[in-house]
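Take a look at the structure set out below.
Read-outs throughout are calculated quantities, based only on the coordinates presented, and are distinct from any laboratory measurement. Values in this document were obtained by computation on a predicted structure and should not be read as measured data. Glycine also receives a Cβ, built like all others from the backbone with ideal geometry; neighbour counts cover every protein chain displayed.
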Amino acid sequence: MTKFKRNKEEIITAYIIILPWLLGLSIFIVGPIISSLMFSFMDYSVVLPPKFIGLGNYKRMFLNDPLFWKSLYNTLYMTVIGVPLNILLALSVALLLNQKLKGEALFRTIFYLPSVVPQVAISLLWMWILNPQVGLINYLLSLFGIKGPMWLASEQWAKPAFIIMGLWGIGGNMVIFLAGLQNVPQHLYDAAIVDGANIWQRFRYVTFPMLSPTIFFLLVMGIIGTLQIFTQAYIMTAGGPMDATLFYVYHLFNKAFRDFHMGYASAMAWFLFIIIFIATIINLKLAPKWVYYESE
Amino acid sequence: MNTKRIFLRIIAYILVIIGGISFIIPFIWTVSTAFKPDEQIFLFPPKWIPEPPTIKHFKEVFEFIPFGLLYKNTVLLALLNIAGTLFSCPLAAYAFAKLKWPGRDMLFIITLATMMLPPQVTMIPQFLIFRRLGWLNTMLPLWMPSFFGNAFNIFLLRQFFLTLPKELDDAARIDGCSFFDIFWRINLPLIIPAITAVTIFTFMGTWNNFIGPLIYVRSYNAMPLSLGLRMFQEAYSAEWGALMAASLMMILPVIIVFFFLQKYFVQGISLTGLKG
């Protein structure tokens, strides 16, 4: 009898305290997921009632919207080049800082600091830094006798400029790598040194396998994040020049909130989900080839 | 061997110092521009130290846009989002981690599954909901949802509740504590580091949020700094001194919070990174 009473109290408490999330999940997440899926098969411009058009939005996306492909290409460019570079630099800095250098804490703070700066402020700072005439980067290049490119105003250099700017924000990944490095047991290095392993071999056969789950996690998160890149392009280039920085979510945003093609934008959002899903599956499939999990 | 070691350490120092300088230079450049008299801003090669330093650009920011109002809005939004998150997420996380109730596992699986979806999927219907409610151009869409929880925070806090020993709860039950008492007096105090991390993320998230205000807000009355800075840049795109001054003022609170809570930042990031 007391057992029953206890359970009843537990269940009632649980339902009361889960209620906000139950409502939030239904109203702001599950409901919108269902209606977004429905919109993706409809022509819906907000002012007129939605009209069912079957696969019309998806057909238009693949067959009649060159900007869709352009934006997809731009986004994949950022992902394929930017994410590995970001992880590589974050790992390199973490490895350097892990050498028990003097002033390690200070350097860690310096490398991490840009990561707390809001994206809008980062964008403004870098517009100024990348200014072709009087910007800092082209000034530094001029010291080496190099005439810097037009950066954000150049169809060719705008995306690389975004990638360089992104490298300023490696701090978060670096901190995660540093935490990962702390967890590599010292006795593995000791054993490797006894076996006569040099620095590279110690990295290749001790550090890298031990960090591979971290690298894998950051790779997956980096890809998902970069596929959604938006703010920088909106502020710094407005998608230009010649749509060179019109990224996928930017195109989606334009379709939804500039043109009010809510159905089409919903279809784009679902296709983004499919891209993220496929990218994650590919990563998971490739993982056993290079990710090492302890105690398995 | 020893000379080789010393040589390698010197290389390491050189690399770290070069890297550190390149990471700090954009900040110095920003500060320098913000304090420069107009005629020195466009000098090439640039002048690093303003002569004399001027606070003119900081004053301009307040003249060009209602910067104080934007600041007040952002602080208010951050407080509301933190309050909402702390109200909704620890309770839900506790229910998932420590209580047994019908439907728990299914609801948890749905919660996890929704984390996989990019926010763009729900963005449009959410916009239509808030439009229907007549909440466009108010701050409501930017904070009200936080009172209904967030999948990521709930998941994170649940993982922490799970690490707490069950014996504590049982002992408290025998002493006649209610489940809410156990949550409030025994479990919650033990996961303060995780709560701090969630609070920091919420603060940063609010300060950073751009696409939300861009979609929902038009007028200064409901506008946070992120969008305000963008409006400012659109209108005064050549006023680099004032733009850098405004950026600095936007960055400053985040940097201050960071320096005071540095330990928790680093903890929080490592925890979420490794837990996920």
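Residues of region B:51-106 being part of a loop (DSSP other than H, G, I, E, B), within 14 Å of another protein chain (Cβ to nearest Cβ) and surrounded by fewer than 16 Cβ atoms within 10 Å (Cβ to Cβ), which ones? Spell out the reasoning first.
Filtering region B:51-106 for residues part of a loop (DSSP other than H, G, I, E, B) gives B:51-55, B:65-66, B:99-103.
From the residues that got through so far, the ones that are within 14 Å of another protein chain (Cβ to nearest Cβ) too are B:65, B:99-103.
Hits for region B:51-106 are B:Lys100, B:Pro102, B:Gly103.
Tell me yes or no: at least one residue of region A:195-212 is within 30 Å of A:Ala121 (Cβ to Cβ) and either within 11 Å of chain B (Cβ to nearest Cβ) or not in a helix (DSSP H, G or I) (or both). Taking every residue of region A:195-212 in turn, none turns out to be within 30 Å of A:Ala121 (Cβ to Cβ) and either within 11 Å of chain B (Cβ to nearest Cβ) or not in a helix (DSSP H, G or I) (or both). Identify, please: which residue in region A:171-184 is among the aliphatic types (A, V, I, L, M) and at the interface with chain B (Cβ under 9 Å from one of its Cβ atoms) and is, among those, surrounded by the fewest Cβ atoms within 10 Å (Cβ to Cβ)? If we take residues in region A:171-184 being among the aliphatic types (A, V, I, L, M) and at the interface with chain B (Cβ under 9 Å from one of its Cβ atoms), then A:Ala179 is surrounded by the fewest Cβ atoms within 10 Å (Cβ to Cβ). Residues in region B:210-231 that are surrounded by fewer than 23 Cβ atoms within 10 Å (Cβ to Cβ) and under 30 Å from B:Gln40 (Cβ atoms): B:Arg230, B:Met231.
Looking at (1) farther than 19 Å from B:Ile251 by Cα; (2) crowded, with 17+ Cβ neighbours inside 10 Å, can you tell me which one B:Phe42 breaks? So the condition that B:Phe42 fails would be (2). Tallying residues that are within 7 Å of another protein chain (Cβ to nearest Cβ), under 30 Å from B:Ser237 (Cβ atoms) and not in a helix (DSSP H, G or I) within region A:92-132 yields 2.
Is it the case that A:Leu218 is within 17 Å of the chain's Cα centre (by Cα) and closer than 30 Å to A:Val206 by Cβ? Quick ask: steps written out before the conclusion?
Details: within 17 Å of the chain's Cα centre (by Cα): yes; closer than 30 Å to A:Val206 by Cβ: yes.
For A:Leu218, the condition - within 17 Å of the chain's Cα centre (by Cα) and closer than 30 Å to A:Val206 by Cβ - is met.
Scan the helices (runs of 4 or more DSSP H) fully inside region B:121-205 and keep the ones with 1 or more residues being crowded, with 19+ Cβ neighbours inside 10 Å, polar (S, T, N, Q) and more than 9 Å from chain A (Cβ to nearest Cβ).
On the way: elements: B:140-143, B:151-162, B:166-174.
So the answer is B:151-162.
Picking from B:Ile174, B:Ile195, B:Ile124, B:Ile191, which residue would you name as being hydrophobic (A, V, I, L, M, F, W, C) and under 21 Å from A:Ile33 (Cα atoms)?
Details: B:Ile174 fails: under 21 Å from A:Ile33 (Cα atoms); B:Ile195 fails: under 21 Å from A:Ile33 (Cα atoms); B:Ile191 fails: under 21 Å from A:Ile33 (Cα atoms).
Only one candidate qualifies: B:Ile124.
Kindly indicate whether B:Ile251 is surrounded by fewer than 18 Cβ atoms within 10 Å (Cβ to Cβ), part of a helix (DSSP H, G or I) and either over 14 Å from the mean Cα position of the chain (by Cα) or of a type outside the set (Phe, Trp, Tyr) (or both). So B:Ile251 does not fit the description; no. Selection of region A:274-296 for residues being buried (at least 17 other Cβ atoms within 10 Å of the Cβ) and within 19 Å of A:Ile33 (Cβ to Cβ) yields A:Ile275, A:Ile276.
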